[in-house]
Amino acid sequence: MAKVQTTRTGLPLDRKARLRIPPHHVTKQTPHDRIHNWDEVYYGYTAGPAMFEAQRCIQCPAAPCTKACPIDNDIPGALAFLEVGKLAEAAGVFRETSEMPELCGRLCPQEALCEGVCVVGKKAKPVAIGKLEAFLGDWDRGQRGGFPVPRPQQETGQRVAVVGSGPAGLAAAEALRGAGHRVTVFEAWPAGGGVLRYGIPNFKSAKDIVDEKIEALRAAGVEFRFETRVGRDVTWEELEGWDAVFLGHGAGAGKRLRLEGEGLAFVYSATEFLVRANLPAVELPASMGSRPEAEGKRVVVVGGGDTSMDCVRSAIRLGASEVTLLYRRSENEMQGRLEERMHAREEGVNFEYLTTPVQLLGKDGRVCGVECVRMTLGEPDESGRRRPIPQAGSEFVLDADTVVVAVGYDVGRELYEGSGIDVNDWGEVLVDEGGRTSRPGVFAGGDNVRGADLVVTALNGAHQAIPTMRGWLAERRAEGTLLAAG
Ligand SMILES: Cc1cc2nc3c(=O)[nH]c(=O)nc-3n(C[C@H](O)[C@H](O)[C@H](O)COP(=O)(O)OP(=O)(O)OC[C@H]3O[C@@H](n4cnc5c(N)ncnc54)[C@H](O)[C@@H]3O)c2cc1C
């Protein structure tokens, strides 16, 4: 008699029957409602529908979803627990490989990662892995009253400096504090979280999750020094006294258009626009303490990635009378998430594809319009996408009261002065596979190594450096013991 296949938790595994289970969609705010608030668009799963949705996973032995996940989340393992209602165990599986599943579940471009390779997706809608992960993370935190953060069994007395409190810095701080080191996180902004706080709008992920994470780390003994920029407020000589340093300073330098008129009033960088729109004044430097000028205004956003989508959708919520996105290629070449574009369209954003600004026009020192030119697409360029070519004689002027420049990010270079750290032409830190930089005892991971990327790849960068850092610190302790023994 043929043996009945079962899941890891003992449920019968009839793959054909599972493929017939209809998707359990997660509900979300209507466009009409959500443009009047800053709350998350999705309401998220509750336990019952999440368990049904998890049953759609056919538990592929090869687990392509896990292979596509930059941090190797054991997705079938977690969903096998979830479908039988073992929620704590399911959340535990995600937490084994991720310090923030509730954020990855909300923010990862799952269609290009786990859900993009989900075998169920070949016949039907892929399993809603991201939203299930977010549900489990939220449920678990709710049960425990906060983030579970490992507490050290023993103190080593060694001091570790972490530069930057984005996902990479927080993941490094969590692991190194858990290993018993005295961890201090230096952060240039007035509060922690990196782009999770100072970039990603509230309608994509609520800030209270970031607050809870910082609080849990603080309670575990991590020290945070905010409004402290390494390279300016703390010198490399001062860091000499530390046993190890992790650089997680991200890629936060907004690229410029380099066009005439960019210095006019009410021309914002994407970060300034987003943080002033999304954060309370107390979390901002004094110079940024008010909302950006957008209510009742015509707002033009330049750029074609997720950041530009965050800007247009924030402008809508600020009450702009008209919001237009300019992108120099066609929608086919856009790199951001389709879902974000769909949300922006539903919320009333105008898309001007194959259009680029050539000059920002001003009156009395403030921006009043954008001179644009239409583009056609030529042969693919070094990015693999078709090169935009200006169409002679197609110039036109778009009236604008506010312009937001969202054309990408570089790694800031201020930190490296006098550091002896090797970087490439773009300022990205050069590291080996264990996150070691060219300066002994200094490690790095995240956007500062990869260039502007994703939350989950930043976590992966920290994961690569953490074991190497622990090895380095263990060697220093052993040397210290030998010296002491004389
Ligand atoms: C607007 C926006 C939206 C995004 N949306 C998504 C999304 O939906 N999904 C997704 O996966 N990714 C998204 N990303 C990308 C993602 O947020 C980043 O890839 C990720 O945050 C990188 O993490 P990190 O830890 O390397 O750096 P960051 O998050 O950038 O954190 C670096 C921190 O270091 C601090 N710092 C820098 N220099 C110094 C210094 N000298 N001294 C002290 N502190 C310093 C910075 O202030 C910052 O807080 C988005 C990015 C932006 C800008």
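All of the numbers you see were taken from the coordinates with simple rules; none came from a lab. Predicted model only: the values in this text are computed from it and were never measured. Positions of Cβ are backbone-derived with ideal geometry, glycine not excepted, and every protein chain shown enters the neighbour counts.
Assorted remarks:
- Global form of the chain, assessed from the alpha-carbon gyration tensor, a/c cut-off 1.5: oblate
- Spin-label pair ASP364-TRP38: with each label point 7 Å from Cα along the Cα-Cβ axis, the two points sit 2.9 nm from one another.
- Straightening the chain between GLU227 and ARG345 buys 38.8 nm, computed as 0.36 nm per residue apart minus the Cα-Cα spacing.
- Separation between Cα centres of the range 56-86 and the range 392-430, rounded to whole Å: 38 Å
- Placing a label point 7 Å from the Cα of ALA112 along the Cα-to-Cβ direction, the residues of the range 447-481 with a backbone N closer than 14 Å are 451-458.
- In range of the label at ALA47: residues from the range 89-117 whose backbone nitrogen is under 16 Å from the point 7 Å along Cα→Cβ: 89-92
- Efficiency of FRET from Cβ geometry, LYS122 and ARG476, R₀ 60 Å, rounded to 0.05: 0.70
- Value of relative contact order over the chain, rounded to a whole percent, pairs C-alpha under 8 Å and six or more apart: 14 percent
- At 1.567 mPa s and 4 °C, Stokes D of the range 256-407 from Kirkwood alpha-carbon radius, µm² per second: 82 µm²/s
- Excluding exposed DSSP-loop chymotrypsin sites (Phe, Trp or Tyr not before Pro) (at most 12 other C-beta within 10 Å), longest clean stretch of the chain: 44-425
- Put a dot 7 Å past the Cα of GLU414, heading toward its Cβ, do the same for ALA485, and the two dots end up 4.6 nm apart.
- The slack between ALA281 and ALA392, meaning 0.36 nm per residue of separation minus the straight C-alpha distance, is 35.4 nm.
- GluC sites (Glu not before Pro) within the range 164-240, DSSP loop, no more than 11 other Cβ atoms inside 10 Å: GLU240
- When the listed pairs LYS131/LYS207; LYS67/LYS125; LYS67/LYS122; LYS207/LYS297; LYS297/LYS363 are checked against a 24 Å cut-off, the alpha-carbon distance exceeds it for LYS207/LYS297.
- Prolate/oblate/rounded call for the range 330-477, Cα gyration tensor, a/c under 1.5 rounded: prolate
- All Cα-Cα distances of the range 13-61, cut into 10 Å bins from zero to the largest, leave 24, 35, 24, 14, 3 percent in each bin in turn.
- Three-way shape label, the range 17-173, alpha-carbon gyration tensor, a/c 1.5: prolate
- Cleavage-rule hits, GluC sites (Glu not before Pro), the range 341-444, DSSP coil, Cβ neighbours within 10 Å at most 12: GLU382, GLU417, GLU433
- With each label modelled as a point 7 angstrom along the Cα→C-beta vector, the ARG144-SER383 pair spans 3.9 nm.
- Counting neighbouring beta carbons within 10 Å and listing from fewest to most, the residues HIS343, HIS249 come out as HIS343, HIS249.
- Cβ-Cβ FRET estimate between ALA265 and THR30, R0 fixed at 51 Å, reported to 0.05: 0.90
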